[in-house]
1. Suppose we keep only residues that are in contact with a helix residue (DSSP H, G or I) (Cβ under 8 Å, 6 or more places away or on another chain) and of a type in the set (D, E, K, R) within the range B:144-190. Which one would you say is farthest from A:L15 (Cα to Cα)?
2. Can you list residue pairs whose Cβ atoms sit under 7 Å apart, with the first residue in the range A:16-30 being facing chain B (nearest Cβ under 7 Å) and the second being polar (S, T, N, Q)? Count only pairs 6 or more apart in sequence or on different chains.
3. Look through the range A:173-189, keep the residues that are at the interface with another protein chain (Cβ under 7 Å from one of its Cβ atoms) and assigned to a loop (DSSP other than H, G, I, E, B), and return whichever of them is nearest to B:Q139 (Cα to Cα).
4. Only residues in the range B:137-154 that are more than 7 Å from every other protein chain (Cβ to nearest Cβ) and open to solvent by 10 Å² or more (accessible area, probe 1.4 Å) count as the first member; pair them with residues that are of a type outside the set (D, E) and in a helix (DSSP H, G or I), Cβ under 9 angstrom, at least 6 apart or cross-chain, and list the lot.
5. Could you list, in sequence order, all residues of the range B:54-85 that are polar (S, T, N, Q) and either over 18 Å from the mean Cα position of the chain (by Cα) or within 18 Å of B:L117 (Cα to Cα) (or both)?
6. Select from the range A:110-133 the residues that are outside any helix (DSSP H, G or I) and crowded, with 17+ Cβ neighbours inside 10 Å and list them in ascending order.
7. Among the residues of the range A:84-103, what is the count of those that are open to solvent by 70 Å² or more (accessible area, probe 1.4 Å) and touching a residue at least 40 places away in the same chain (Cβ under 8 Å)?
There are 2 protein chains.
Amino acid sequence: MTQTGSNDNRRLDRLDQRALEILFTEARTANTFADTPVTDAELTEIWELARWAPTSANTQPLRVLYLRQGDSRERLVKHMNEGNRAKTLSAPGVAVLARDTRFHEHIPAVLPYKPQLKDVFDADDTKRQDTATFNATLQAGYFILAVRARGLAAGPMGGFDAAGIDAEFFPGGRFRSILVVNIGHPGKDPWYARLPRLDHADVVRWA
Amino acid sequence: MTQTGSNDNRRLDRLDQRALEILFTEARTANTFADTPVTDAELTEIWELARWAPTSANTQPLRVLYLRQGDSRERLVKHMNEGNRAKTLSAPGVAVLARDTRFHEHIPAVLPYKPQLKDVFDADDTKRQDTATFNATLQAGYFILAVRARGLAAGPMGGFDAAGIDAEFFPGGRFRSILVVNIGHPGKDPWYARLPRLDHADVVRWA
């Protein structure tokens, strides 16, 4: 269990320094990948971690399409910006992350104490799409960190023709792509020089 | 360094089981908080972790406003849904996460090899707002996991009047609130029964 101590004074454990480095402070976006395969079991485990992190009303609108190397990968990269094609072809694993525009159909199963929320979303298309977009994007953040947690390098890319990918892989219009993530072990010269982060004074305020 | 082995065959470390539990599989959204304070240093450290995770073109549009207990907190909760007020008043730390609608002003500093991207965003309001919304939301996902990484419980909440919070804390219109996160050590009976997650077959596909 995460909590320790008595019921009224719980303290949670924190990650050790090495874990913080793996996830945040030393992790890098990989631009080349080694030939070392990534197994279906590893790709499944990434989702098995990410799915536990929170979404509003437990809506979980993120969907994950893993594309194997070969024909599927060729179909993907023709919709990607030219600078992203070679690395996406060479990555042992690729995930297309998408939002389910009809996530609310699962609400009776995932929010059993309030099944009627399904009908609220059914009647309000703007609210439904905003909820799908916001929560699927939150989950994409969890997914990227879950890749790293499993000892793999993530290469998230927004440079693609989303309508093209959706027509290619999600005909019918229910699922809409939001991010493509290359997954693998780093190859030769995998990282660029690290880009600067904003200063605290630019980001963090107090009131 | 995260990578080990030779330059051409890097392997990354993975998190141990305890770390995976802290972040994902045993972590819970807290609904009550202990009196134990959360220091300004701890709140700063959360941002110092989250800021290293990736955003497209290194845009980093997330902004964080930490609200102390007392007057600021009272000003916040009047814009929150009634069910979220008591826990937000009692949480030792509260972060209002917002997107910077003019994040592109920082591009020459954060993307020094392509400063002209600032002008692209300046000329295209839709592209700028889409980029701000998507990347700030990704960063909100990183932020929630960074809270957990630091041994604290996160209580993210979407139930608030965003326009009201913006008028209260972000007059001028540059910053737009996207999520409120309570932060602290769990209090008495802090968790509800865990809600179910979708099955793999509902979420993960292969092609």
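1. B:E168
2. Sorted first by the residue in the range A:16-30, then by its partner, the pairs are A:E21/B:T2; A:I22/B:T2; A:E26/B:T2; A:A27/B:T2.
3. A:H185
4. From residues that are more than 7 Å from every other protein chain (Cβ to nearest Cβ) and open to solvent by 10 Å² or more (accessible area, probe 1.4 Å), the pairs are B:R148/B:I22; B:R148/B:L23; B:R148/B:F24.
5. Taking the range B:54-85 as the starting set, the residues that turn out to be polar (S, T, N, Q) are B:55-56, B:58-60, B:69, B:72, B:81, B:84.
Hits for the range B:54-85 are B:T55, B:S56, B:N58, B:T59, B:Q60, B:Q69, B:S72, B:N81.
6. The answer is A:L111, and nothing else.
7. 1
Per-residue answers, yes or no, for (1) of a type in the set (V, I, T); (2) part of a loop (DSSP other than H, G, I, E, B); (3) within 9 Å of chain A (Cβ to nearest Cβ):
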position: B:E42; (1), (2), (3): no, no, no
position: B:I46; (1), (2), (3): yes, no, no
position: B:A53; (1), (2), (3): no, yes, yes
position: B:V64; (1), (2), (3): yes, no, yes
position: B:Q69; (1), (2), (3): no, yes, no
position: B:R73; (1), (2), (3): no, no, no
position: B:G83; (1), (2), (3): no, no, no
position: B:T88; (1), (2), (3): yes, no, no
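The values are calculated or read from the model by the stated rules, or taken from the named source; none is laboratory data. These numbers were taken from a predicted model, which means no experiment stands behind them. No Cβ is skipped: glycine too gets one built from the backbone with ideal geometry, and neighbour counts run over all protein chains shown. Heavy atoms of the whole protein, side chains included, go into the accessibility calculation; ligands, DNA and RNA do not. Shrake-Rupley method; radii C 1.70, N 1.55, O 1.52, S 1.80 Å.
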